[in-house]
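Worksheet for the structure shown next.
The values are calculated or read from the model by the stated rules, or taken from the named source; none is laboratory data. What you see is a predicted model, and the numbers here were worked out from it, not measured in a lab. Neighbour counts are summed over all protein chains in view; Cβ atoms, including those assigned to glycine, are modelled from backbone coordinates with ideal geometry. Protein only, heavy atoms only, side chains kept; ligands, DNA and RNA dropped before computing areas. Shrake-Rupley method; radii C 1.70, N 1.55, O 1.52, S 1.80 Å.
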Amino acid sequence: MTLNVHPTAIVEDGAQLGSGCVVHAYAIITRRVVLGDGVVVHPHAVVGGDPQDLGFDTKTATGVRIGARTVIREHVTIHRATKPDGWTEVGADCFLMIGCHIAHDCRLADRVIVANNVLFAGHIQVGEGAFIGGGTVIHQFSRIGEGAMVGGASRISQDVPPFTMVTERDEIVGLNVVGLRRRGLPRTTVEELKRAFRAV
């Protein structure tokens, strides 16, 4: 497969683009970015911009890694890490919807879905298969567990346990039963998890 880079896109010297990547009009890929195979970057997205950290030295060698087949929609911004040789990382098969921001030093695992206008502060970790609802804001150094679902317009300032549903201000409202079933867990296992959740 070959690359498909629109003539108005900016791909800086030193960026690494995998096979089959598509970079749409007016997108910017900086020199410290690595895109896996089949990554799609939509118009006006900026991948690899400098972190919004007042103490950051722009000469520091850091970057952004994006996993294979991840889709980055319009106006998404992903900032590079702050520490030397550090990376902001987004896994494979993720979907970053319009206008979301991934700050410096964040790490998103595979198959994470981030809806429109979600704001990640720095150093956030997100587990595999998590879903973050639109307009959510997440405090730095928070951890979102594997398979968790965060409701739209939530404010997250604490860790979110795996396979739970969270809404409003750090309020756990139940298990992400749909997510558990989509992972192919037997009904008996899901029921056992529900009983454990109620007990806790």
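Only a single criterion out of (1) under 15 Å from His79 (Cβ atoms); (2) touching an Asp or Glu at 6+ places or on another chain (Cβ under 7 Å) is not satisfied by Pro51, namely (2). Tallying residues that are of a type outside the set (A, V, I, L, M) and open to solvent by less than 10 Å² (accessible area, probe 1.4 Å) within region 102-144 yields 6. Within region 116-135, the set of residues being in a loop (DSSP other than H, G, I, E, B) and touching a helix residue (DSSP H, G or I) at 6+ places or on another chain (Cβ under 9 Å) comprises Gly129, Ala130.
Go over the candidates Phe95, Phe56 one by one and state the one that is farther than 25 Å from Glu128 by Cβ, open to solvent by 20 Å² or more (accessible area, probe 1.4 Å) and not β-branched (Val, Ile, Thr). Write out each step before concluding.
Details: Phe95 fails: farther than 25 Å from Glu128 by Cβ.
That would be Phe56, the only listed residue that is farther than 25 Å from Glu128 by Cβ, open to solvent by 20 Å² or more (accessible area, probe 1.4 Å) and not β-branched (Val, Ile, Thr).
Ala153 fulfils the conditions (1) under 27 Å from Gln52 (Cα atoms); (2) open to solvent by less than 30 Å² (accessible area, probe 1.4 Å); (3) of a type in the set (A, V, I, L, M) except for a single criterion, (2). Condition check for Val190 on (1) assigned to a loop (DSSP other than H, G, I, E, B); (2) among the aliphatic types (A, V, I, L, M); (3) in contact with a helix residue (DSSP H, G or I) (Cβ under 6 Å, 6 or more places away or on another chain): one failure, at (1).
The set of residues in region 27-49 that are in a loop (DSSP other than H, G, I, E, B) and crowded, with 16+ Cβ neighbours inside 10 Å comprises Ala27, Thr30, Arg32, Gly36, Gly38, Val39, His42, His44, Ala45.
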